[in-house]
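Have a look at the structure below, then the notes.
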Amino acid sequence: MSKAILYDSTLCIGCRACESACADRWGLPYDDKIAAEEKISAHKLTTIETHGDHFVRRLCMNCVKPACASVCPVGALQKTALGPVTYDADKCMGCRYCMQACPFQVPTYEWSSRLPRMRKCNECYERQSQGKLTACAEACPTGATKCGDRDELIGEAQRRIAEKPGQYYGQVYGLKEVGGTSVLYLSAVPFEQIGLRTGVPSEPLPDYTWRVLELLPDVVSTGAVLLGGIWWVTNRREEVAKAEGRSPRRSGRPPSKNGQGGHAVVPEKLEGRK
Amino acid sequence: MTLGTGTPAAKRWPRITVWRAIFAAILLSGAYATYLRIFYGLGGSTNLSDKFPWGLWIAFDVMCGVALAAGGFTLVAIVHIFGIEKYRPVLRPCILTAFLGYVLVVVGLLFDLGRPDRLWHPLVMWNPHSVMFEVAWCVTLYSTVLFLEFVPVVCERFGWAKPAEWIHRISVPLMILGILLSTLHQSSLGSLFLIVPAKLYPLWYSPVLPLLFFVSAIAVGLAMTIFESWHSSRAFGRALELPLLASLGRVLAVTMSVYLWIRFLDLLQRGVLPLVARNRMETWLFALEIGLALVPTVLLYQRSVRMRPGALYACAVMVVFSVIANRLNVGTTGLEAGSGTHYTPKWSEIAITLSIVAAGFAIFRMVAGYFPIFEAQAHGNEHAVAEVSPQKKEVDPVAVG
């Protein structure tokens, strides 16, 4: 049973209690100036964006099949069974492929640090594994951010839409986007109007890469046999030619004019057989 | 051991030439940029941002660096596996370029990685699902292979028989391993971008990116071979192996045709050709890239063009720039719209990139002077070398321009 967050934009009053609770939980500074920054960054892992009359919260989507975890060369990012995607800063070498791969542009970087880390929300993995709510869900005064079991939250989201069809844009964001996310959105207006990315594929992104990567063993084994075979034929032809006293290799160089042609480059097979 | 066979007398004196001044200026700015990178982090030395995490250092220093090093595996395959002996004279320069190229790629990575001290992490912390993991292993292993492929040259220079013999014993598996690793590595740089279907502009995003990267790498490897031979013939006062390079030019034309044909079929298949009618930055960059590929391809089919050193060289340069444009488009410009931001490299990013390129030319020049790289001058150029090396090199116009 994986955990998720349901964010209902129609219930959000933009009080930013979630921002403040999140900062507390990470030990990050939080003041009016930071509150006014409406974008996530290495010192602000969640934010409330204002889109006209609507608020929308941004945080790591903790995807069901996360691109970031699949691309991390050192496995610093992991999709946990509980749901959150966690990050181990001690492994990270700073290639920033996770940032490039994330379809929601969530991971942020400590650009000005000499020993930088990637930062992102991990859906309060420690708290949730102790059975507690995420800090943001606990702090939310209106229930706009709710945390719980993903399947149950999907059921609840669909129930809300069914109960008040006039109040909601009739879809749940995060159900099928990149194969599903652990943050689900409800909104009064189409999602692109509140700044959510609607152009993302519904297929999990790691599959795009895996289709090619899984061919790797075949490419290597076929290639090795093929190259070895071609070399063997070339070499054999040369040996036969030599044995029959013809000049080796059809396009061969004329026998060394300068008297040193023989030992050029990687030592020749030809010479080794003498 | 005659003294006169080397460089013309004029080149022996450390005169202050325009190119040398530019070379020094590049290295000085690179040194200052390095200081910024070390003490002020990526934020103080680059224009990268959360929305645009990869810039010039990845797209040029790494992606172009690896592509330009492709001559190494291409020529090893042609000469050693397919046994086409006539190309042997250009084999060593190619292996040297590839080796230097990979070393410089690692240098570029050291600048770009947030934690360069953890460069070794992928070797012990595995994630086989990551293309970057594959890239890391390929860089490590192939650099080792290239080093071993270069060892015979060193042995020959110093007359070491034993190590040469050891390498000789494993040379065939070594070469096959090198070709396989290159194939994987060249294509995997394309695979890196398979994960960004919603970000990379459709003129570049393609499920066959790995194939396109591989084929274009072979092409640019051949082009670089012609490019180097031309420059080294000038620098070392050698005769140009024109018939040989001309026939490489023909292979290049065929490879480029295959590349362009795959590219065309891919665009057609994905139905994105109408995009070229849009007046956008991407369209013009795409046109530049394709133009630089198409023109030399058509020209190189003409025998008269191939047999003229200047024209052959110009075609090779166009191919090199086309592939550089392609890598930059895939790695930076093609991602701007999808990332919702603009990226212009900071001066320090450019300074370090130019420094790496300049260092590449300088080291190549030094190594080629000291070791038997070009057959015609092998043995008997020690004296000439001794006098060339202190002044290092003349930066070639193309290196900086």
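Residue-by-condition table, conditions (1) of a type in the set (Lys, Arg); (2) touching a residue at least 40 places away in the same chain (Cβ under 8 Å); (3) at the interface with chain A (Cβ under 9 Å from one of its Cβ atoms); (4) surrounded by 23 or more Cβ atoms within 10 Å (Cβ to Cβ):
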residue	(1), (2), (3), (4)
B:THR97	no, yes, no, yes
B:LEU100	no, yes, no, no
B:VAL103	no, yes, no, no
B:PRO116	no, no, yes, no
B:PRO128	no, no, yes, no
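Filter the range A:184-204 down to the residues that are farther than 21 Å from B:PRO197 by Cα and either buried (at least 18 other Cβ atoms within 10 Å of the Cβ) or of a type in the set (Gly, Ala, Ser) (or both) and list them by number.
Within the range A:184-204, A:LEU184, A:TYR185, A:LEU186, A:SER187, A:ALA188, A:ILE194 qualify.
Evaluate the following for A:LEU115: is it over 15 Å from the mean Cα position of the chain (by Cα) and modelled with pLDDT of 95 or more?
Criteria not met by A:LEU115.
Could you go through the range B:288-311 and let me know if any residue there is among the polar types (S, T, N, Q), under 30 Å from B:GLY43 (Cβ atoms) and at pLDDT 95 or above. Give the steps one after another, and end with the answer.
Within the range B:288-311, the first condition is being among the polar types (S, T, N, Q), and the residues that meet it are B:297, B:302, B:304.
In the following step, the residues that additionally are under 30 Å from B:GLY43 (Cβ atoms) were identified as none.
Among the residues of the range B:288-311, not one is among the polar types (S, T, N, Q), under 30 Å from B:GLY43 (Cβ atoms) and at pLDDT 95 or above, which makes the answer no.
Tell me which of these A:ARG159 doesn't satisfy, since it passes every other one: (1) within 14 Å of chain B (Cβ to nearest Cβ); (2) under 26 Å from A:GLU192 (Cα atoms).
The single condition A:ARG159 does not satisfy is (1).
So A:GLN100 clears everything in (1) buried (at least 24 other Cβ atoms within 10 Å of the Cβ); (2) part of a loop (DSSP other than H, G, I, E, B) except one condition, right? Which one?
(2)
Which of the residues belonging to the range A:43-95 are of a type in the set (Phe, Trp, Tyr) and under 24 Å from A:ILE13 (Cα atoms)?
Passing the criteria: only A:PHE55.
For A:LEU175, indicate whether it is among the hydrophobic types (A, V, I, L, M, F, W, C), farther than 30 Å from B:TYR40 by Cα and either part of a helix (DSSP H, G or I) or assigned by TED's automatic domain parsing to the domain that holds A:CYS18 (or both). Break it down stepwise before answering.
Working: among the hydrophobic types (A, V, I, L, M, F, W, C): yes; farther than 30 Å from B:TYR40 by Cα: yes; either part of a helix (DSSP H, G or I) or assigned by TED's automatic domain parsing to the domain that holds A:CYS18 (or both): yes.
Yes.
Got at least one residue in the range B:246-257 being more than 14 Å from every other protein chain (Cβ to nearest Cβ), outside any loop (DSSP other than H, G, I, E, B) and farther than 21 Å from B:LEU299 by Cβ?
no
Quick one: what pairs do we get from the range B:27-50, first residue within 12 Å of chain A (Cβ to nearest Cβ) and crowded, with 19+ Cβ neighbours inside 10 Å, second part of a helix (DSSP H, G or I) and among the β-branched types (Val, Ile, Thr), C-beta under 6 Å, 6+ apart or different chains?
none
Scanning the range A:119-142 for residues that are under 22 Å from the mean Cα position of the chain (by Cα) and without any contact (Cβ under 8 Å) to a residue 60 or more places away in the chain, which turns out surrounded by the fewest Cβ atoms within 10 Å (Cβ to Cβ)?
A:GLU126
Does A:GLU239 meet the test of being loosely packed, with under 15 Cβ neighbours inside 10 Å and either touching a strand residue (DSSP E or B) at 6+ places or on another chain (Cβ under 6 Å) or at pLDDT below 90 (or both)?
Yes: the conditions hold for A:GLU239.
Okay, residues lined up against (1) in contact with a Leu (Cβ under 8 Å, 6 or more places away or on another chain); (2) surrounded by fewer than 20 Cβ atoms within 10 Å (Cβ to Cβ):
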residue: A:TYR30; (1), (2): no, yes
residue: A:LYS33; (1), (2): no, yes
residue: A:LYS39; (1), (2): no, yes
residue: A:LYS44; (1), (2): yes, no
residue: A:GLU49; (1), (2): no, yes
residue: A:ASP53; (1), (2): no, yes
residue: A:ARG58; (1), (2): no, no
residue: A:LYS65; (1), (2): yes, yes
residue: A:SER70; (1), (2): yes, no
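The values are calculated or read from the model by the stated rules, or taken from the named source; none is laboratory data. Remember, it's a predicted structure, so these values are computed and weren't measured experimentally. So basically every Cβ, Gly included, is an ideal-geometry build from the backbone, and we count neighbours across all protein chains shown.
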